[in-house]
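The values are calculated or read from the model by the stated rules, or taken from the named source; none is laboratory data. Everything quoted here is computed from the prediction, not taken from an experiment. Please note: Cβ atoms are built from the backbone with ideal geometry, for glycine as well, and neighbour counts cover all protein chains shown. Areas reflect the complete protein model, heavy atoms only, side chains present, ligands, DNA and RNA absent. Shrake-Rupley method; radii C 1.70, N 1.55, O 1.52, S 1.80 Å.
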Amino acid sequence: MDNGRVAGRRVVGRRDAGVGAGAGVGVGAPDGGGAPDGAGDLAAVPDLPELDRRVSGCRACPRLVAWREEVARVKRAAFRDQDYWGRPVPGFGGGDARLAVVGLAPAAHGGNRTGRMFTGDASGEVLYAAMHAVGLANQPEAVSRDDGLRLLGARITAPVKCAPPDNAPTPAERDTCRPWLERELTLLRPTLRAVVVLGGFGWQSLLPALAAHWTVPRPRPRFTHGARVELPASDDGPPLVLHGCYHVSRRNTQTGLLTTEMVEEVLSRAKADAGL
């Protein structure tokens, strides 16, 4: 994730401790702006390409819209000659994925710049290297949308589609964005068998979105690195296996809380559960 700075100027917000061991989400910032644009007819969206197209036009949360567009205008000095995406970032990967990876939100100078999840930032360097090592990606690098990267049986998404200040979406912003994730899961339902969740924020955000197709136990399972929870189906489909992994943030990897080998281990177990 990005460090929450625009060209050296810090914008007020709270850091999301959930990119580490799963602590709470930042609170106290302005709320989101209601349901996502187009959410009223999401049930009619026929496939993931159409869903991804609609996601990229959402302007439902004023605080996030203002931040992502300011970042795209001001830019980081290292990327001053590049055109920033500056919009919500849709999921990445095929509509027949058997394994999903769920993060937190796009990084200000990563996904918000490149337009693809975990692309062009330090978190993506760790994640895609690990995915390539276990056979879930065709290459270990992710630098731009046209770099040739393909996921193999997997899809990457996030519960919040816009880059938030200080990597900290508010609960209202998370909830406003949830219909996008719910529809994404429904479209993946025929093939999806396992999910790797990066960090406590993603874990807490994903569980309510699973309710349409799977039964989440009460009390809800807690996030821990290495957690494995099998959710029985609440429809006529197969169960889903959740795997917890610390977020691949620079903070976690630089402090040694998370290593590439740890990520590979979780991904390998999830890959097996997904039947890949």
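Mind putting a number on the dipole of the chain about its Cα centre? Charges go on the C-beta only, +1 for Lys and Arg and -1 for Asp and Glu, and I need it in Debye to the nearest 20.
Computed charge dipole of the chain: roughly 700 debye.
To the nearest 10 square angstrom, what accessible area does residue 61 show with a 1.4 Å probe?
10 Å²
Sum up the charges of everything whose Cβ sits under 12 Å from the Cβ of residue 274, counting Lys and Arg as +1 and Asp and Glu as -1, but leave residue 274 out.
Once all neighbours under 12 Å are counted, the net charge is +3.
Identify which of 143, 196, 248 has the largest mean-square fluctuation in a Gaussian network model of the chain, with springs joining Cα atoms closer than 10 Å.
143
For residue 130, what is the net charge nearby, where nearby means another residue's Cβ is under 12 Å from its Cβ and Lys, Arg count +1, Asp, Glu -1?
-3
Students sometimes get this wrong: rank 119, 215 by accessible area, probe 1.4 Å, all chains present, largest first.
Largest accessible area first, the residues go 215, 119.
With a cut-off of 8 Å between alpha carbons and a minimum separation of six or more residues, what is the relative contact order of the stretch 43-274 in percent?
21 percent
What FRET efficiency, computed as 1/(1 + (r/R0)^6) with R0 = 30 Å and r the Cβ-Cβ distance, is obtained for residue 261 and residue 222, rounded to the nearest 0.05?
0.80
Positive end of the charge dipole of the chain (Lys, Arg +1 and Asp, Glu -1 on Cβ, about the Cα centre): tell me which of 45, 224, 165 has its Cα farthest that way.
Most positive-ward Cα: 165.
Give me log10 I(q)/I(0) at q = 0.10, 0.12, 0.16 Å⁻¹ for the chain, Debye formula, one equal scatterer per alpha-carbon, no solvent.
The Cα Debye sum returns log10 ratios of -0.44, -0.66, -1.26.
Distance in nm between label sites at residue 44 and residue 70, each 7 Å beyond Cα in the beta-carbon direction?
If labels sit at residue 44 and residue 70, their model points lie 3.7 nm apart.
Could you run the Karplus curve 6.51 cos²θ - 1.76 cosθ + 1.60 with θ = phi - 60° over the stretch 192-202 and give me ³J(HN,Hα) per residue in whole Hz, x for Gly and Pro?
5, 10, 8, 9, 9, 10, 9, x, x, 4, x
Rounded to the nearest 10 Å², what accessible area does residue 230 have for a 1.4 Å probe in the complete protein model?
100 Å²
With a 10 Å cut-off between alpha carbons and a GNM built on the chain, which of 73, 228, 87 moves the most?
73
Given the options 78, 107, 211, which has the most mean-square fluctuation in a GNM of the chain, springs set between C-alpha atoms less than 10 angstrom apart?
Among 78, 107, 211, the largest GNM mean-square fluctuation belongs to 78.
Report the FRET efficiency, 1/(1 + (r/R0)^6), for residue 77 and residue 230, where r is their Cβ-Cβ distance and R0 is 45 Å, rounded to 0.05.
Step by step, r from the Cβ atoms, then E = 0.45.
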